[in-house]
Amino acid sequence: MTELSATISSGDKAQTVLSSGKSYRKLAMPDLQWTPALEREMRPLYEKLANVIPSVEWPFHAPYIKAINDLKKERNAVILAHNYMTPEIFHGVADFMGDSLQLAQQAARVEADVIIQCGVHFMAETSKLLSPQKTVLIPDMDAGCSLASSITGADLRAMRAAYPGVPVVSYVNTSADVKAETDICCTSSNAVQVVESLGTDRVIFVPDEYLASYVQSQTDVQLIVWKGHCEVHERFTGEELRAYREADPSVKIIAHPECPPDVLAEADFTGSTAKMIDWVKTNEPPRVVMVTECSMADNVAAETPNVNFVRPCNLCPYMKRISLPKILDSLLEMKDEVVIDPMIAEKARRSVERMINLKS
Ligand code: SF4
């Protein structure tokens, strides 16, 4: 998807004009000094984050957090942050946090004119699909996803041609092009329910091979799968988890269903990021191995001080492209705008809305 914007000046009032035709006043760079007054103002937030953000880093983060929160009001903007964002983003500037579906649903509900999506590109696209009238910005247009880029709309059309009449379920971790070729989307929370809702013996299920394998273990519907992988979750192994359990038999292992089957076989609980968070908050086990992206364990740790997290850490390089300086830049310059071809958007929106409208 392309981003087209231009800057025009009239007297001293520079404006950024987006491809949607909306224009926004350019804002001046705020003061980013670390002062004693700012230290006092931001102290309550730091106390919450002290166990996940080193004190030497705080004087760098705090001025950005303050500046971003001030600028959001000027822009009538909200920040949606995925669970994999770093703690200074997740707890410092986000208005809404969650998994990709929760964020997209929130995008549709909020009154704000501008949405800054702190996550990867397919998430920003999903927000735009559900909020076509709002300006959706992503702080780094190159924040992609190995899973989403494993399949294209053309790949899926070829698959449909090979299995005529078989309905298609796509994980939300896909581009709008793929969603446009899809009958109904799913998330890792509702994938089994979505597959069974179609009432068929067979379903094309793309793009995550491991999520498909997990779903297949829960249903009699035969899945025809695509062999896409999340490069973060596929790196975990059952062997490393067995080592954690041998070192401490009381440890609880919770894993995301994008992990390989030998990892899920070791897990005490398997669920989406939102369900993993609920599980930890509800059960508060003394020690948890959280088998997913590193920052999520940090974000949950900040809210559950009684739980000791073992972090078999795999960072998502795409999620980590989003930073406080880039978010500030987005707000100042109104970039990068997420734009979807209207023909594709209309079809893609249907597949997402069909999932949302599914009764649970
Ligand atoms: S964690 Fe995996 S699925 Fe999520 S954005 Fe990164 S590569 Fe994609």
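Computed from the coordinates by the stated procedures, all read-outs in this text should not be read as laboratory data. Every value quoted in this text rests on a predicted model; they were computed, and no experiment measured them. Every residue, glycine as well, gets a Cβ built from its backbone with ideal geometry; the counts of neighbours run over all protein chains shown.
What's the whole-number percent of alpha carbon pairs in the chain lying beyond 40 angstrom? It would help to have the intermediate numbers written out before the result.
Details: 10190 of 64620 pairs.
Looking at the chain, the distances longer than 40 Å represent 16 percent of pairs.
Can you give me the distance in nm between label points at K26 and K73, each placed 7 Å from the Cα along the Cα-to-Cβ direction?
Rounded to a tenth, the inter-label distance reads 2.5 nm.
May I ask you to compute the full-extension gain from F96 to R245, defined as 0.36 nm times their residue separation minus their alpha-carbon distance, rounded to one decimal in nm?
Details: separation 149, 0.36 × 149 = 53.64 nm, distance 3.45 nm.
My answer for the length gained is 50.2 nm.
Through the Karplus equation 6.51 cos²θ - 1.76 cosθ + 1.60, θ set to phi - 60°, convert the phi angles of region 146-163 into ³J(HN,Hα) values in whole Hz; use x for Gly and Pro.
Calculated HN-Hα couplings, in order: 5, 6, 4, 7, 6, 9, 10, x, 5, 4, 6, 4, 5, 5, 4, 5, 6, 10 Hz.
Per residue of the chain, what 222 nm ellipticity follows from adding -39500 (n - 2.57) for every DSSP H run with n ≥ 4, rounded to the nearest 500?
Values: 15 runs with 144 residues, N = 360.
That comes out to -11500 deg cm²/dmol.
When the expected Rg is taken as 2.2 N^0.38 Å, what fraction or multiple of it is the alpha-carbon Rg of region 28-172?
So region 28-172 has a normalised radius of gyration of 1.30.
Mind checking region 92-200 for GluC sites (Glu not before Pro) that DSSP puts in a loop (not H, G, I, E or B) and that have at most 14 other Cβ atoms within 10 Å? Walk me through the numbers on the way to the answer.
On the way: sites: E111, E125, E181, E196; in loops: E111, E181.
Those that pass, being in a loop and sparsely packed, are E111.
If I take all pairs of Cα atoms in region 131-286, what percentage of them are more than 23 Å from each other? It would help to have the intermediate numbers written out before the result.
Details: 5350 of 12090 pairs.
So the pairs more than 23 Å apart make up 44 percent of the total in region 131-286.
Given q = 0.18 Å⁻¹, what are the Debye log10 I(q)/I(0) values for region 148-230, with equal point scatterers placed on the Cα positions and solvent ignored?
-0.63
Starting from 0.36 nm per residue, how many nanometres of slack lie between I224 and N51 once their C-alpha separation is accounted for?
Working: separation 173, 0.36 × 173 = 62.28 nm, distance 4.45 nm.
Answer, rounded to one decimal: 57.8 nm.
Efficiency by 1/(1 + (r/R0)^6): what FRET value for M343 and E111, r their Cβ-Cβ distance, R0 = 25 Å, to the nearest 0.05? List each step's numbers first, then the result.
Working: r = 28 Å, r/R0 = 1.13.
According to the calculation, E is roughly 0.30.
R0 = 30 Å: FRET efficiency of D201 with R157, Cβ-based, nearest 0.05? Don't jump to the answer; show the numbers that get you there.
Details: r = 22 Å, r/R0 = 0.74.
Plugging the Cβ-Cβ distance into 1/(1 + (r/R0)^6) gives 0.85.
Pick out, in residue order, every one of the GluC sites (Glu not before Pro) in region 266-325 that is DSSP loop and has at most 16 other C-beta atoms within 10 Å; say none if there are none. Intermediate values should be presented prior to the final figure.
Values: sites: E266, E293, E303; in loops: E266, E303.
Sparse-neighbourhood loop GluC sites (Glu not before Pro): E303.
Write out the cysteines belonging to the chain for which the nearest other cysteine Cβ is not under 4.7 Å, or none if no such cysteine exists.
C118, C145, C185, C186, C230, C259, C316
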